[in-house]
Amino acid sequence: MPWIWRYEDGKGTPVTETDLPAPEFPTQADAESWLGENWRDLLDGGVDQVSLLNGDVVVYGPMGLRPAG
């Protein structure tokens, strides 16, 4: 099953903007590396938090994208 990020606003509502990237990844490590490189762009696109899914199963999240402080 592919690994994907579900994008959410600050209330947990899915963000489904069509211009946001929606890649699928072969491994959890690939998904996490991609997020580490792209979280600022997602935040700029209206995403406040993400959850990692493997297929339809939530592996973890929601995880906020805003820096602490």
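The values are calculated or read from the model by the stated rules, or taken from the named source; none is laboratory data. Note that this is a predicted model, so its numbers are computed, not measured. Note that we place each Cβ from the backbone using ideal geometry, even for glycine, and neighbour counts take in every protein chain shown.
Take the conditions exposed (fewer than 15 other Cβ atoms within 10 Å of the Cβ), free of Cβ contacts under 8 Å to residues at least 12 places away in the same chain and out of contact with any helix residue (DSSP H, G or I) (no Cβ under 7 Å at 6 or more places or on another chain) and apply them to Ala22. Does it pass? Spelling it out, it is not the case that Ala22 is exposed (fewer than 15 other Cβ atoms within 10 Å of the Cβ), free of Cβ contacts under 8 Å to residues at least 12 places away in the same chain and out of contact with any helix residue (DSSP H, G or I) (no Cβ under 7 Å at 6 or more places or on another chain). Out of (1) in contact with a strand residue (DSSP E or B) (Cβ under 8 Å, 6 or more places away or on another chain); (2) among the hydroxyl-bearing types (Ser, Thr, Tyr); (3) modelled with pLDDT under 95, what's the single condition that is false for Thr13? Exception for Thr13: condition (1). When the stretch 1-28 is filtered for residues that are within 17 Å of Tyr60 (Cα to Cα), assigned to a loop (DSSP other than H, G, I, E, B) and among the β-branched types (Val, Ile, Thr), the ones remaining, listed by number, are Thr13, Thr27.
A quick yes/no check of all residues on (1) under 15 Å from Trp3 (Cα atoms); (2) surrounded by 11 or more Cβ atoms within 10 Å (Cβ to Cβ):
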site: Ala29; (1), (2): yes, no
site: Trp34; (1), (2): yes, yes
site: Trp39; (1), (2): no, yes
site: Leu43; (1), (2): no, yes
site: Val47; (1), (2): no, yes
site: Val50; (1), (2): yes, yes
site: Val59; (1), (2): yes, yes
site: Gly64; (1), (2): no, yes
site: Ala68; (1), (2): no, no
